[in-house]
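Before any comments, here is the structure.
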Amino acid sequence: MNHRFFRGMIVVTKFLASVMFLVGIGFSVLFFSESVPPKMQAQTYQDTSKFEQNFYNNYGVYALNVPEEVFFAGEEVPVELFDVRESLDRELLVNTYWHSQTLFLMKRASRYFPLIEPILKEYGVPDDFKYLAVAESGLENARSPANAVGYWQFLTGTARDYGLEINNEVDERYSIEKSTEAACKFLLQSYKLYNNWTLAAASYNMGRDGISKQMVRQKETDYYDLLLGEETSRYVFRIIALKAIFSNPREYGFNIRQQDLYKPLPYELVEVTGSVPDFAVFAQENGTNYKILKFLNPWLREAYLLNPSGKTYYIKIPRDGARITSAYYSLESPGLFNGFK
């Protein structure tokens, strides 16, 4: 008798708990739907035709206008030719609609272009070649499957040919200033050979031997008339597309405020002529930490520097407050970014 009573009580308790649970859900749904603004509520469409109508009325992907006049490094791009126009159109579409990547590259370019531009100017290399660095590495110290390294993607042998130091402790391919100087030397040598900046850019990707071989085989002297492998045939067009988008971001749908861009980090140079036993200690002695020291000096590949030859190095140390956002972001200038020129 008692067992039956307890079994009955358990059944009743479970039933009441289920009812209370369902009532709670009902009140929660009612409260949530009333408290969340209508625009924030997810809509459930029972009618497929309504869903499709809403989709088509509110979503669109647009074809892009290919500029009628295009120049790279002062040389005209013959966009009146269908193959040239379509090649440029492809790279404009790819880089415009890969929104997150292109937006991120524009933010990063604001930090690194001010370091690259004066070096290009000093060597007499057209300013447009800063976009080659974007195409090569995304303006970061990348390493390719072929072991090309750094902002300008140098292989070890080529880097040494153009004066970069590479050993266990130092790799100047990771220095944006040093590697930009090496890239300028390569490009100037290519320009001397071809008397053409577009071919110089193509040779940076394919190599001078590869470009020259195809010019002889095809009996052509213009990049836009050469049949090249897909990577090199797209390479220059990607650089040109990046220039177009970065120069006129709003025309391609990118709305960026000045305050959204990454600013160059203010630093001072510390001269080192001897060894540094421990860069963590060195960083602390200079008012920073190991992480930021390596961020500013990625060419230092070890936690120490033996420097047996007594070579002079200049190590970047952040200025006081440089790590604090408000110290270098102009938050008082919220205007839209008009593009790199």
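Before moving on, here are some points about what is shown:
- Proximal lysines to Lys213, defined as alpha-carbon separation beneath 19 angstrom and excluding residues fewer than eight positions away on the same chain: Lys192
- Taking N as its residue count, the alpha carbon Rg of the stretch 70-260 over 2.2 N^0.38 Å: 1.02
- Summed residue charge, Cβ within 11 Å of Phe295's Cβ, Lys/Arg positive, Asp/Glu negative: +4
- Residues of the stretch 192-208 falling in the label zone of Thr221, defined by backbone nitrogen less than 18 Å from a point 7 Å along Cα to beta-carbon, are 192-203.
- Report note on the peptides 308-320, 196-208: ranked by the mean count of other C-beta atoms within 10 Å, highest first, their order is 196-208, 308-320.
- Counting only lysines at least 8 places from Lys107 when in the same chain, those with an alpha carbon closer than 23 Å to its own are Lys121, Lys130, Lys178, Lys243, Lys263, Lys291, Lys294, Lys316, Lys341.
We did not get these values from a lab; they are worked out from the coordinates using the rules stated. None of these values were measured; they are calculated from a predicted model. Don't worry about glycine lacking a Cβ; one is built from the backbone with ideal geometry, like all the others, and counts go over all protein chains shown.
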